[in-house]
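In what follows, a structure is listed as structure tokens, so that the remarks can point back to it.
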Amino acid sequence: MGSVEIRDVVMLQNEVNSRSHSMLHLEVLACLCIAEILSLAAIATLYRAAGKPDTVSFLWSRPGILFLCLVAGTVVSLCGAAYQTFTVRMYDLGRCRRTVAVNVVAFFGVLILGEVGVRAFVTETLRGPVLFGVELRPYVWTEIRERFAKRAEEQRSEQYFVFDSLLGWTVKPNSTGERVLFQSSAEGIRSPRIGIEYASTKPGCRIALVGDSFVFSEESEFEKSWGHQLELSLSNGCQVLNFGVPGYGVGQIHLRYNKDVSPLHPDIVIVGFTDTVTFRTLGVYGFMTFAPSYIPWPIPRYVLENDNFKLINVPLIRPDAIYATSSIDDLPYLRYAWNYAPNEWEMPGWQHLSRSYLFRMYVTFFPLHSESRPEISREEVNTLNAALFEKIQDDIRSNGAIPLLVYFPNRDDYRASSSLSPVLQVLRKNGLEFTDLTPCLARVDAERRFVAGGVHYTSEGEFAVAECLSPKVLEYLTRAD
């Protein structure tokens, strides 16, 4: 064999060895990648254990079996990577180190890029990060309580709505609200200016409005509110008093009537509400019930026991006491709270991972199983709200007044694909008489029906409400005479 042939054989052998070493490096890289993917999947699956009562029940569940398989796969992959690494080191120690280093850098680089990518599209709110309109879970109590406490301190000198140990929150008497848009009377009623005492007046008739923000006319000046427009349209010396408070549920409407409205003995009481009022009735804490709005106060919670109403959490806990608790689990009556689900809150032992928005995105789109609770069931929504509506009407009648239930539509009621509002389902299912303002507001051009960027009515919408209710109010007044 000539020298040329020997050289060709050696070159060929070196090329074969080089390819063999390259394959070994690729096998090391593949084993490490598989181990990392399986370990991430195992951690994600282990999180499912937080929703199980104990370790044994988790391991016997499908997520538990999957977790054991993933752990086994991770161990096998790491063993394979270790074996291949030992083999490669015999030939090329430097290249082996570079392979492992590249893998580690790439692994953490992908995680960091993913975290940065998620955070780039997140909007921070009082309750935490929101990604494309979806609140990321788990909720972190320490973050929420700090934000609410800070907001409360910022608004301490500008409060128009204040804590009330029975109602949760109410209108502060003789107060001026944000942007001087709201003023209140001595009785805590919305008024054109502070200092007015409606109780000392003696009008020919008195009409009281009680309900949520659509009754209050939250985004309108007093002079443009439908309540004031109704008073002007009656032109018979009737006085219209606006006891509305934004955010109220049916339970709070009932309590507001008995505490503040009934002492003034109105002739007609208009009880107004919108679609979400029924779910607010089953709320316990404002920061859970209203998102992303800032309502830091607790909510009085009714339950029915043997067909009798019972307020389970009155007197209400003060807001500063709510946000002084170290854990969400320290708050009382959580199981009665409509928007509370234990699986959506930070789990013990996972506090560090909960700081990652990438992890929160996983928890949000692959949530833990939530146990159903009879205290917040659909049946409870229907039964409790129907009973409260009937109780409100009975109390109004027993005080010598005429009740008028009125439904205020929102934007969703005018969408072709919209379903029947939850509160309308309750009213119709239980045969309760009410006035639906949806056709009335439909007379206003769709572009001018609601405040741009808001949820309430424009001045044209407010006028349409007053125009629709005026004939019915006059009819009731005539009937009373």
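The values are calculated or read from the model by the stated rules, or taken from the named source; none is laboratory data. Source: prediction; values computed, not measured. So basically every Cβ, Gly included, is an ideal-geometry build from the backbone, and we count neighbours across all protein chains shown. The protein model used for the area step is the full one, side chains on, heavy atoms only, and it has no ligands, DNA or RNA in it. Shrake-Rupley method; radii C 1.70, N 1.55, O 1.52, S 1.80 Å.
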The condition of being charged (D, E, K, R), outside any loop (DSSP other than H, G, I, E, B) and either over 30 Å from Ala386 (Cβ atoms) or touching a residue at least 12 places away in the same chain (Cβ under 8 Å) (or both) holds, among Glu223, Glu219, only for Glu223
Checked region 160-217 for anything within 26 Å of Thr478 (Cβ to Cβ) and touching a Gly at 6+ places or on another chain (Cβ under 8 Å); matches are Pro203, Gly204, Cys205, Leu209, Val210, Gly211, Val215
Might you let me know whether region 254-270 holds any residue that is in contact with a Ser or Thr (Cβ under 7 Å, 6 or more places away or on another chain), part of a loop (DSSP other than H, G, I, E, B) and buried (at least 24 other Cβ atoms within 10 Å of the Cβ)?
no
Of the listed residues (Gly168, Gly133), the one being of a type outside the set (Ser, Thr, Tyr), at pLDDT 90 or above and at positive phi is Gly168
* To do: Looking only at region 417-427, decide whether some residue is part of a strand (DSSP E or B) and within 23 Å of the chain's Cα centre (by Cα).
  => no
Going through region 440-474 in order, the residues found to be without any contact (Cβ under 8 Å) to a residue 24 or more places away in the chain and either aromatic (Phe, Trp, Tyr) or open to solvent by 30 Å² or more (accessible area, probe 1.4 Å) (or both) are Arg443, Asp445, Glu447, Arg448, Ala452, Gly453, Glu460, Pro471
Expected single match for among the hydrophobic types (A, V, I, L, M, F, W, C) and modelled with pLDDT of 95 or more among Val271, Val277 is Val271
Residues in region 158-202 that are of a type in the set (Lys, Arg) and open to solvent by less than 30 Å² (accessible area, probe 1.4 Å) total 1
Scanning region 271-292 residue by residue, those part of a loop (DSSP other than H, G, I, E, B), open to solvent by less than 30 Å² (accessible area, probe 1.4 Å) and touching a strand residue (DSSP E or B) at 6+ places or on another chain (Cβ under 8 Å) turn out to be Thr274, Thr281, Val284
query: Do we find that Ala81 is modelled with pLDDT under 80, surrounded by 14 or more Cβ atoms within 10 Å (Cβ to Cβ) and in a helix (DSSP H, G or I) in this structure?
result: yes
Evaluate region 358-372: report whether one residue or more is part of a helix (DSSP H, G or I), under 30 Å from Cys238 (Cα atoms) and in contact (Cβ under 8 Å) with a residue 60 or more places away in the chain.
no
